[in-house]
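Here is the structure we will look at.
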Amino acid sequence: MENWEEVSKFLNETLDEVNASMKTKIQLETAAEEIYVNIAHYAYPEYVGEAEVIFSIDEDEEECEAMLCFKDSGIPYNPLEKEDPDITLSAEEREIGGLGIFMVKQFMDEAEYRHEEGKNIFTIKKKLR
């Protein structure tokens, strides 16, 4: 968790360079933080493990898309398989958990999970224009 500030700073600085809207920056940072925190808290329950965060922007004359890819060697887990929470229920009635990944799915244009060569690979994409 101690590296989140550095990841967040880099993400925001890069999004500023391509003039991403404030809404898009907030959505990307929220999604990135949710995934990052989940890896930090759940991927390695018995020890501190490593995670790699890859951030890129693919830009041409017509489109601009941000891509974040998170890789870790922790417990295999596909968060996209988690059932969406019933957001019609009040916070008190709703089960704990699942709201963060639900927001990731709502905010991003694409979200993909795969497990390859002993690694969880979770990729999200967001169109910037």
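Could you give me the residue pairs with C-beta distances under 7 Å whose first residue belongs to segment 13-29 and is among the β-branched types (Val, Ile, Thr), whose second residue is surrounded by 10 or more Cβ atoms within 10 Å (Cβ to Cβ) wherever it lies, and which are 6+ apart or on separate chains?
Thr14/Phe55; Thr14/Ile57; Val18/Ile57; Val18/Glu59; Val18/Cys64; Val18/Leu128; Thr24/Lys126; Thr24/Leu128
For segment 95-115, state whether one or more residues are open to solvent by less than 70 Å² (accessible area, probe 1.4 Å), among the aliphatic types (A, V, I, L, M), farther than 28 Å from Glu17 by Cα and in a loop (DSSP other than H, G, I, E, B).
no
So which residues in segment 52-89 are of a type in the set (Val, Ile, Thr) and more than 20 Å from Ser8 (Cβ to Cβ), if there are any at all?
Quick first cut of segment 52-89, residues of a type in the set (Val, Ile, Thr) only: 53-54, 57, 75, 87-88.
Hits for segment 52-89 are Ile75, Ile87, Thr88.
Can you give me the number of residues within segment 27-51 that are among the small types (Gly, Ala, Ser), in contact with a Ser or Thr (Cβ under 8 Å, 6 or more places away or on another chain) and either in a strand (DSSP E or B) or under 21 Å from Asn12 (Cβ atoms) (or both)?
1
Would you pick out the residues in segment 60-94 that are of a type in the set (A, V, I, L, M, F, W, C) and surrounded by 10 or more Cβ atoms within 10 Å (Cβ to Cβ)?
Cys64, Ala66, Met67, Leu68, Cys69, Phe70, Ile75, Leu80, Ile87, Leu89
The values are calculated or read from the model by the stated rules, or taken from the named source; none is laboratory data. None of the values given here were measured: they were computed from a predicted structure. Cβ: placed from backbone, ideal geometry, glycine included. Neighbour counts: every protein chain shown. What goes into the accessible areas is simple: the full protein's heavy atoms, side chains included, and nothing from ligands, DNA or RNA. Shrake-Rupley method; radii C 1.70, N 1.55, O 1.52, S 1.80 Å.
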